[in-house]
Amino acid sequence: MIRLSFTAFAITAFASAAGVAAGLAIPTPAYADVKIATAGPFTGSIAAFGAQMKLGTEQAVADINAAGGILGERIVLETADDGGKPEQGKAAANKLISDGLKFVVGHINSGISIAASQDYEEAGVLQISPASTNPAFTERKLWNTFRTCGRDDQQGPVAGAYIAANYKDRKVAIVHDKTPYGKGLADETQKAMNKGGVKEVLYEGINPNEKDYSALVSKMKAAGVDLVYFGGLHPEAGLIVRQMRDQGMKTVLMGGDAITDKEFWTIAGPGAQGTLMTFGPDPRKNPAAKDIVERMKARGIDAEGYVLYSYAAVQVIQQAAEAAKSLDPKKVAAVMHSGMTFNTVLGPLSFDKKGDITKLDYVVYTWKDGNYSE
């Protein structure tokens, strides 16, 4: 029989209790939610595009969370309204920075994305745009700028080559809205068109957000314009088409990816029949998007325009973070710059050292009966 003195027993008991207490005191890791923001025009004249972006990011966040989140952590989606205006965009970006956001899907407008990206870079925020096509967005080679769409120096040559091939002996006008996106795209198209042997009879800039473009329309009518290439957004494009029809003109309008919303048809009216535009291969027809497209359709949502480009942006962030085993934006960006292929609703995507996707991404569409098709 073993006998313990009271002192020995007390020491043993104290040590045991201390061990339990120490065990209870060991801190368990506290994980915060992964915050991702979507920043775009949720109010204003191009709110339709903001709605597309929001639908895509919301669906992606819901689907990724249902599958376990990112590195086991739940994504919380925040929104920031830039109103489609540079000043408001800058304020929205700084609000997200002050709120501690480190990943942003946005913006839509190239001018806003370019300006905001510098603030994001300084604050350590990774930015991936589903729609900003101006080359300058990524051409500065910032570590934090990416896009799931193509560039205007890819899009413009497709439009310019089409015009040169189909309007060789016709009269063509070039019109833009004076923004980085609109003028940049118009100039790239003009360059390719001229190279193909077609010289414009008019080159004009308009002020966006106006309602009356009749003076421009009259000038084009007097010049006998057969096709007008418009670098700008769908509200102005729709008004120009409607006002051309009001003056009895049958002139075809051709635009870029910024008229990819059914609101264009609503503004332009039936006279938009035959309008041409460039955009990426329809992601709704990509086998990788079939399940998402059908589920959204069951909810009455058409995954048009930038919906799936926005969905893909969230997928890329998730897969890059998993590969990096980190939520540090710079480590995530390093994976994205590495040439890794990401499986997305747009199909396989990889990025170059600038943050651009590595595939050519534009085809020509025509509008008919309220919808567009290749």
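Here is a yes/no grid of residues against (1) under 19 Å from the mean Cα position of the chain (by Cα); (2) not basic (Lys, Arg):
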position: GLY56; (1), (2): yes, yes
position: VAL61; (1), (2): yes, yes
position: GLY69; (1), (2): no, yes
position: LEU96; (1), (2): yes, yes
position: LYS102; (1), (2): yes, no
position: HIS107; (1), (2): yes, yes
position: ALA123; (1), (2): no, yes
position: ALA131; (1), (2): yes, yes
position: PRO135; (1), (2): yes, yes
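Could you please tell me which pairs satisfy a Cβ distance under 8 Å, a separation of 6+ or placement on different chains, a first residue in segment 102-113 that is on the phi > 0 side of the Ramachandran plot, and a second residue that is among the acidic types (Asp, Glu) and not in a helix (DSSP H, G or I)?
From segment 102-113, the pairs are GLY106/ASP82.
For segment 85-113, which residues satisfy the criterion of being more than 17 Å from SER129 (Cβ to Cβ) and not polar (S, T, N, Q)? Before the answer, list the steps.
The initial filter retains those residues of segment 85-113 that are more than 17 Å from SER129 (Cβ to Cβ), namely 87, 91, 94-95, 98-100.
Correct list: GLU87, ALA91, LYS95, ASP99, GLY100.
Can you find even one residue in segment 167-186 that is assigned by TED's automatic domain parsing to the domain that holds SER338 and touching a His at 6+ places or on another chain (Cβ under 9 Å)?
Narrowing segment 167-186 to residues assigned by TED's automatic domain parsing to the domain that holds SER338: none.
Within segment 167-186 (the criterion being assigned by TED's automatic domain parsing to the domain that holds SER338 and touching a His at 6+ places or on another chain (Cβ under 9 Å)), the answer is no, since none of the residues qualifies.
This table checks each residue for (1) under 26 Å from ASP152 (Cβ atoms); (2) in contact (Cβ under 8 Å) with a residue 12 or more places away in the chain; (3) more than 16 Å from the chain's Cα centre (by Cα).
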{"position": "ALA321", "(1), (2), (3)": "no, yes, yes"}
{"position": "PRO329", "(1), (2), (3)": "no, yes, yes"}
{"position": "ALA333", "(1), (2), (3)": "yes, yes, yes"}
{"position": "PHE342", "(1), (2), (3)": "yes, yes, yes"}
{"position": "VAL345", "(1), (2), (3)": "yes, yes, no"}
{"position": "GLY355", "(1), (2), (3)": "yes, yes, no"}
{"position": "ASP369", "(1), (2), (3)": "no, yes, yes"}
{"position": "SER373", "(1), (2), (3)": "yes, yes, yes"}
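Given (1) modelled with pLDDT of 95 or more; (2) surrounded by fewer than 19 Cβ atoms within 10 Å (Cβ to Cβ), where does ALA320 come up short, assuming only one miss?
All conditions are met except number (2).
For segment 334-371, which residues satisfy the criterion of being small (Gly, Ala, Ser) and either assigned to a loop (DSSP other than H, G, I, E, B) or not assigned by TED's automatic domain parsing to the domain that holds ALA312 (or both)?
Going residue by residue through segment 334-371, those that are small (Gly, Ala, Ser) are 334, 338-339, 347, 350, 355, 370.
Those that are small (Gly, Ala, Ser) and either assigned to a loop (DSSP other than H, G, I, E, B) or not assigned by TED's automatic domain parsing to the domain that holds ALA312 (or both): SER338, GLY339, SER350, GLY355, GLY370.
Could you list, in sequence order, the residues of segment 172-195 that are in a loop (DSSP other than H, G, I, E, B) and surrounded by 16 or more Cβ atoms within 10 Å (Cβ to Cβ)? Full working, then the answer.
Step one: of segment 172-195, the residues in a loop (DSSP other than H, G, I, E, B) are 177-179.
Matches in segment 172-195: ASP177, THR179.
The values are calculated or read from the model by the stated rules, or taken from the named source; none is laboratory data. All figures in this text were calculated on a predicted structure; none of them were measured in a lab. Every residue, glycine as well, gets a Cβ built from its backbone with ideal geometry; the counts of neighbours run over all protein chains shown.
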